[in-house]
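What follows is a short report on a single structure.
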Amino acid sequence: MAHASVSVPKAPFVVLRGPLRDLLNRWQGNAGPRAQERIWINPSRLTRIYTRNPAQTPDFKRRHSGMVIGGDWDQQTEPLDQSWKIAACLDHFCNGTAWPDTGIYDEMRRMIARNGRFDSCKTEADIIARYQSIDALYADIRNNGFADQTVHRFGAPRLPEGVFIHIDRAGQPIFGAIGNHRLAIARALGLVAIPAQLGVIHRDALRGDALARYRLRPDDAMPKRI
């Protein structure tokens, strides 16, 4: 069995993860990432999802946001369409397939049977209510746009929740497998820019100031008309 090439460092206290990480990264100047940093991505250009398998790869979660880590973790990816949540959402919203017929209820039942609880669901009623709420979220984003819940804290824009995005050694985005439904809805609606939470960034990406392109909202990156 393959083993993770990189262990995930742990901060001593949850409340210090953000400030301590920012201080650790500050020596890299403005190019250094911030914990829970808000970045901007084009959902349609995402093609890979990080393989979250703790037995084989570092299990990056939100508490690791803003870490700079080298090694080969960024090579552990799969095609984005292999995410069963994203595939089911696109089938439902783009093709009009009923939720039970997308296969997602079956997957949820399997995960609940294995873990006892999954995505806050324990029963069939929970599953149905869960995907009714996803329908409501889709309608809200379609009618009102993708909400930007950025907060400005410790001198930087932070996004406590949201679609989770890693940056690989070449400066390319990898979906971090958190925020599947929101990402799928953005793709189904053809959105070209959404706020996302920075995950882990590969050490090599900072050499080319890779974060600069993600820190600007696409409108801000366009030349201004005079």
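Can you list residue pairs whose Cβ atoms sit under 7 Å apart, with the first residue in the range 54-71 being within 15 Å of GLY179 (Cβ to Cβ) and the second being in a loop (DSSP other than H, G, I, E, B) and small (Gly, Ala, Ser)? Count only pairs 6 or more apart in sequence or on different chains.
From residues that are within 15 Å of GLY179 (Cβ to Cβ), the pairs are PHE60/GLY176; SER65/ALA35.
If ILE134 passes every condition in (1) among the aliphatic types (A, V, I, L, M); (2) under 28 Å from SER44 (Cα atoms); (3) surrounded by fewer than 18 Cβ atoms within 10 Å (Cβ to Cβ) but one, which one does it miss?
(3)
Check off (1) within 19 Å of ASP74 (Cα to Cα); (2) modelled with pLDDT under 90 for ILE226 and give me the number that stays unchecked.
For ILE226, the failing item is (1).
To keep it simple, each residue is scored yes or no on (1) touching a helix residue (DSSP H, G or I) at 6+ places or on another chain (Cβ under 6 Å); (2) among the polar types (S, T, N, Q); (3) at negative phi; (4) modelled with pLDDT of 95 or more.
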position: TRP27; (1), (2), (3), (4): no, no, yes, no
position: ASP72; (1), (2), (3), (4): no, no, yes, no
position: GLN76; (1), (2), (3), (4): no, yes, yes, no
position: GLY96; (1), (2), (3), (4): no, no, no, yes
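Can you find, within the range 154-213, the residue that is surrounded by the most Cβ atoms within 10 Å (Cβ to Cβ) among those that are in contact (Cβ under 8 Å) with a residue 24 or more places away in the chain, under 16 Å from ALA35 (Cβ atoms) and more than 12 Å from the chain's Cα centre (by Cα)?
ILE201
Residues that are closer than 14 Å to ASN180 by Cα, at pLDDT 95 or above and of a type in the set (A, V, I, L, M, F, W, C): does the range 119-133 have at least one?
So far as the range 119-133 goes, no, none of its residues is closer than 14 Å to ASN180 by Cα, at pLDDT 95 or above and of a type in the set (A, V, I, L, M, F, W, C).
Spot the failing condition for ALA113; the list is (1) without any contact (Cβ under 8 Å) to a residue 12 or more places away in the chain; (2) within 18 Å of the chain's Cα centre (by Cα), and only one is missed.
Answer for ALA113: the failing condition is (2).
If you scan the range 38-85, which residues turn out to be closer than 14 Å to ILE174 by Cβ and either of a type in the set (Phe, Trp, Tyr) or in a helix (DSSP H, G or I) (or both)?
The answer is PRO43, ARG45, TYR50, PHE60, HIS64, TRP73, ASP74, GLN75, LEU80, GLN82.
How many residues does the range 57-104 contain that are surrounded by 19 or more Cβ atoms within 10 Å (Cβ to Cβ), within 21 Å of GLN197 (Cα to Cα) and of a type in the set (Gly, Ala, Ser)?
Looking only at that region, the number is 2.
A quick yes/no check of all residues on (1) closer than 30 Å to LEU191 by Cα; (2) at pLDDT 85 or above; (3) surrounded by 13 or more Cβ atoms within 10 Å (Cβ to Cβ):
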{"position": "VAL8", "(1), (2), (3)": "no, no, yes"}
{"position": "LEU16", "(1), (2), (3)": "no, no, no"}
{"position": "ASN30", "(1), (2), (3)": "yes, no, no"}
{"position": "ALA55", "(1), (2), (3)": "no, no, no"}
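Is it true that TYR105 is among the aromatic types (Phe, Trp, Tyr) and in contact with a Gly (Cβ under 7 Å, 6 or more places away or on another chain)?
Against the criterion (among the aromatic types (Phe, Trp, Tyr) and in contact with a Gly (Cβ under 7 Å, 6 or more places away or on another chain)), TYR105 does not qualify.
The values are calculated or read from the model by the stated rules, or taken from the named source; none is laboratory data. Values in this document were obtained by computation on a predicted structure and should not be read as measured data. A quick note on method: Cβ atoms are made from the backbone with ideal geometry, for glycine too, and the neighbour counts reach across all protein chains shown.
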